[in-house]
1. So how far apart, in nm, are the two label points at residue 293 and residue 8 if each is 7 Å from Cα heading toward Cβ?
2. Would you please give the residues with an amide H less than 5 Å from that of residue 183, counting only those at least 5 places away or on a separate chain, with H modeled from the backbone geometry?
3. Please name whichever of 134, 110, 212 sits farthest to the positive end of the charge dipole of the chain, dipole taken about the Cα centre and charges placed at Cβ: Lys and Arg +1, Asp and Glu -1.
4. For the chain, report the convex hull volume of the alpha-carbon atoms normalised per residue, in Å³, without decimals.
5. Suppose only helical runs count, i.e. DSSP H with n ≥ 4. What mean residue ellipticity at 222 nm does that imply for the chain under -39500 (n - 2.57) per run, divided by all residues and rounded to the nearest 500 deg cm²/dmol?
6. Evaluate E = 1/(1 + (r/R0)^6) for residue 16 and residue 177, where r is the Cβ-Cβ distance and R0 equals 41 Å; express this FRET efficiency to the nearest 0.05.
7. Can you compute the radius of gyration and Dmax for the stretch 135-219, using only the Cα atoms, both in Å?
8. Nearest 10 degrees, 0 to 90: what angle lies between the long axis of helix 150-161 and the longest principal axis of the chain (Cα atoms)?
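What follows is calculated from the coordinates using simple rules that are stated; it is not laboratory data. In this text the structure is predicted, and so the values were computed from the model without any measurement. Virtual Cβ from ideal backbone geometry, glycine too; neighbours counted across all protein chains shown.
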Amino acid sequence: MPKIIAENLHKPVLLAETLQLLNPQIGEIFVDATLGLGGHAEAILASSEKTRIIGIDQDREAIELAKQRLQKFEERFQVFHSNFSEIKQVLTDAKIEKVDGILADLGVSSLQFDSATRGFSFRFDAPLDMRMNAESTAENAAGLLETLSEFEIARIIYEYGEERLSRRIARRIVEKRVSGEPVKTTKELAELVEKAVKRGKKDKIHPATRTFQALRIAVNGELGILEGFIRDGVEVLKKGGRFVVITFHSLEDRIVKQTLQKLSGKCFCPPRLPQCVCGASREVEILTRKPIISGEEETNENPRARSAKLRACLKLK
Ligand SMILES: C[S@@+](CC[C@H](N)C(=O)[O-])C[C@H]1O[C@@H](n2cnc3c(N)ncnc32)[C@H](O)[C@@H]1O
Ligand SMILES: [Zn+2]
């Protein structure tokens, strides 16, 4: 088998913008909460002498490749197989109290999306797995489709995929299950959605794209952990520390935007409440009034960059 080289698998998105905002200085410590193939991490480590990175990823395959790429930085780089929702525990294990910057480049990497076996994409026929952490005991995508109610499947596809025809798709999934042939593979699901949705001539994307995104988000619990992670991250930042988050769909971006707004002091409580209960307090200054998006050059070269949005903040206290 040819040797897999991390550099060739995944192009880091909004790299120059990330570096400018993280602004690594000599000897500073950063957390790369979504290490992936180590593209951003390599640039951060190379940008300044003695800079250190604590990498986190829940995908052991990615970690192994990132390690090969980053071993040249020796003890300046440490990695933990964990979920970023455990950022505080990871830092305790690394015996580090506070850090100068945190990066989260959310979602899946090209290693995962282009895998022919892990079930993230309908371009390859594979079991419907979609767990980023292949060792987790969480239900995989096929498991969810076998056990959840029709209502719950429709809700997931509607909420996380923003798919108008979610109920029709959920009905077909459950019909197949009742007939003794539950949907088990990417190809079966893509065909079922295609039949349920009937592609319009103007559609730019495959009709199953939204359903696949929705299932992946549900399997990995992606949205539920985001606000807590950002709050924990801000807590472990030093005064003057920077936090950069890159998202790839509007649901994630909305959570990041609102969490940063709350942390910058904006109150989201309903009007006329006697006192604020939403947890707003001025911890950070938002560095990106509008999200930063990729320029034409980057989107031409890297289609993943088209939906990327970057937001950043600075810790005040
Ligand atoms: C878009 S990729 C990061 C790519 C990386 N910045 C690079 O330049 O190579 C996202 C990575 O984050 C990991 N990931 C996503 N959610 C995670 C979570 N909650 N905890 C830990 N890792 C996560 C995925 O396994 C994936 O490897
Ligand atoms: Zn409030």
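1. 3.3
2. Here 177 satisfy the definition.
3. Checking the options against the dipole of the chain, the answer is 212.
4. On the way: hull volume 50.5 nm³, N = 317.
Per residue, the Cα convex hull of the chain comes to 159 Å³.
5. -11500 deg cm²/dmol
6. On the way: r = 48 Å, r/R0 = 1.17.
Plugging the Cβ-Cβ distance into 1/(1 + (r/R0)^6) gives 0.30.
7. Final numbers for Rg and Dmax: 12.2, 41 Å.
8. Here the helix axis deviates by roughly 40 degrees.
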